[in-house]
Amino acid sequence: MSDIAKNIYEIEEDIKKHSSNPEKVKFIGVTKYVGIDEMLEVARCGVKVFGENKAQVIKEKQEKFKELGINDIEWHFIGNLQKNKVKYIAEYVNLIHSVNKLSLAQEIDRRAEQNNRKIDVLLEINIAGEESKEGYNLEELYQELPEIIKLKNINIKGLMTMAPFSDDETLVRGVFKKLREIKEELNEKYFNGRLTELSMGMTNDYKIALEEGATLVRIGRKIFQ
Ligand SMILES: *Cc1c(COP(=O)(O)O)cnc(C)c1O
């Protein structure tokens, strides 16, 4: 087995071990570190969901896969998305994890309509309030939510967060738990149970995230180490 195959196998085993609902968990291979050859190997190992954080790069990679006749890949945008870059991804992106302001949501809505489709999105929340991280604080979220909910061409599927980079398990677990609680609250107040996804957990902390109910884990370094 190659290292990539072995690492992917380990992650899949961890999902079964740490999630109470493993069949609901989607493993996103974060491929921002690598080129097409490594991505082809990841796909051969059965991981068909790729996460990228640069709009022009994801577009190039998506086009390359299409040229190769590989059409069974899901493309997820996971990083900070500038409004003027939405146009590069609107035609094909399967899920945008990082909606963090109304103006961005409005641009995604507009581009989705232009492309005659609806785009699935997550709301990104900055639970720990770290300056260096993107995402809504709760006050802003509650301010903008009524407007976001009116947008007809985006489907809000759930929430995303990044935990602080820390060895303090209690801190990290608290962040994931809080995201789950916010999802429950928003489901009661606004969404009537329609928020189903929790995108949380990366190489450092995916096991904890799975234990706290992650449905989407975004893992890069562990695949390619
Ligand atoms: C890079 C990235 C990841 C993957 O992190 P790893 O530590 O490589 O597993 C997950 N989410 C986001 C938003 C990222 O930018």
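The residues in the stretch 76-100 that are in a loop (DSSP other than H, G, I, E, B) and more than 16 Å from the ligand (Cβ to nearest atom) can be counted, and the count is 3. Scanning the stretch 181-212 for residues that are touching a Leu at 6+ places or on another chain (Cβ under 7 Å) and either within 13 Å of the ligand (Cβ to nearest atom) or within 30 Å of residue 2 (Cα to Cα) (or both) yields a count of 3. Tell me, please, whether a residue that is in contact (Cβ under 8 Å) with a residue 60 or more places away in the chain and either hydroxyl-bearing (Ser, Thr, Tyr) or part of a loop (DSSP other than H, G, I, E, B) (or both) can be found in the stretch 4-19. Looking for residues that are in contact (Cβ under 8 Å) with a residue 60 or more places away in the chain and either hydroxyl-bearing (Ser, Thr, Tyr) or part of a loop (DSSP other than H, G, I, E, B) (or both), one finds at least one in the stretch 4-19, hence yes. Which members of the stretch 86-105 meet the condition of being more than 15 Å from residue 75 (Cα to Cα), under 19 Å from the mean Cα position of the chain (by Cα) and not charged (D, E, K, R)? Within the stretch 86-105, 99, 100, 102, 104, 105 qualify. Among the residues of the stretch 213-222, just one is more than 9 Å from the ligand (Cβ to nearest atom) and part of a strand (DSSP E or B), namely 216.
Being more than 13 Å from the ligand (Cβ to nearest atom) and of a type in the set (Phe, Trp, Tyr): is that true of residue 136 here? Taking the combined requirement at face value, the residue satisfies it.
In the stretch 44-54, what residues are in contact with a helix residue (DSSP H, G or I) (Cβ under 8 Å, 6 or more places away or on another chain) and buried (at least 20 other Cβ atoms within 10 Å of the Cβ)? Once the filter is applied, which keeps residues that are in contact with a helix residue (DSSP H, G or I) (Cβ under 8 Å, 6 or more places away or on another chain) and buried (at least 20 other Cβ atoms within 10 Å of the Cβ), the stretch 44-54 yields 47, 50, 52. Within the stretch 141-158, at least one residue is within 16 Å of the ligand (Cβ to nearest atom) and at pLDDT 95 or above. Pull out all pairs, ordered by first then second residue, where Cβ-Cβ is under 7 Å, the residues are six or more apart or on different chains, the first lies in the stretch 182-209 and is surrounded by 15 or more Cβ atoms within 10 Å (Cβ to Cβ), and the second is of a type in the set (Phe, Trp, Tyr) and at pLDDT 95 or above. These pairs meet every condition: 200/176; 208/176; 209/176. Taking residue 177, is it under 29 Å from residue 91 (Cβ atoms) and either among the charged types (D, E, K, R) or over 15 Å from the mean Cα position of the chain (by Cα) (or both)? So residue 177 fails the test.
Scoring residue 165 on the criteria (1) more than 13 Å from the ligand (Cβ to nearest atom); (2) closer than 17 Å to residue 126 by Cβ; (3) surrounded by fewer than 16 Cβ atoms within 10 Å (Cβ to Cβ) leaves a single failure, condition (1).
Put simply, of 49, 34, 42 the only residue that is modelled with pLDDT of 95 or more, hydrophobic (A, V, I, L, M, F, W, C) and under 17 Å from the mean Cα position of the chain (by Cα) is 49.
Every listed requirement among (1) closer than 18 Å to residue 217 by Cβ; (2) assigned to a loop (DSSP other than H, G, I, E, B) is met by residue 117 save one, (1). Take the conditions in a helix (DSSP H, G or I), over 18 Å from residue 93 (Cβ atoms) and away from the ligand (no atom under 15 Å from the Cβ) and apply them to residue 60. Does it pass? Here the answer is no, as residue 60 does not meet what is asked.
Being crowded, with 16+ Cβ neighbours inside 10 Å and either among the aliphatic types (A, V, I, L, M) or within 26 Å of residue 110 (Cβ to Cβ) (or both) is a property that does not hold for residue 171.
Based on what the data block shows, is residue 35 within 16 Å of the ligand (Cβ to nearest atom) and not basic (Lys, Arg)? The answer is yes for residue 35.
The values are calculated or read from the model by the stated rules, or taken from the named source; none is laboratory data. If you're wondering where the values come from, they're calculated on a predicted model, not measured in any experiment. Counting neighbours? That spans all protein chains shown, and the Cβs are built from the backbone with ideal geometry, glycine included.
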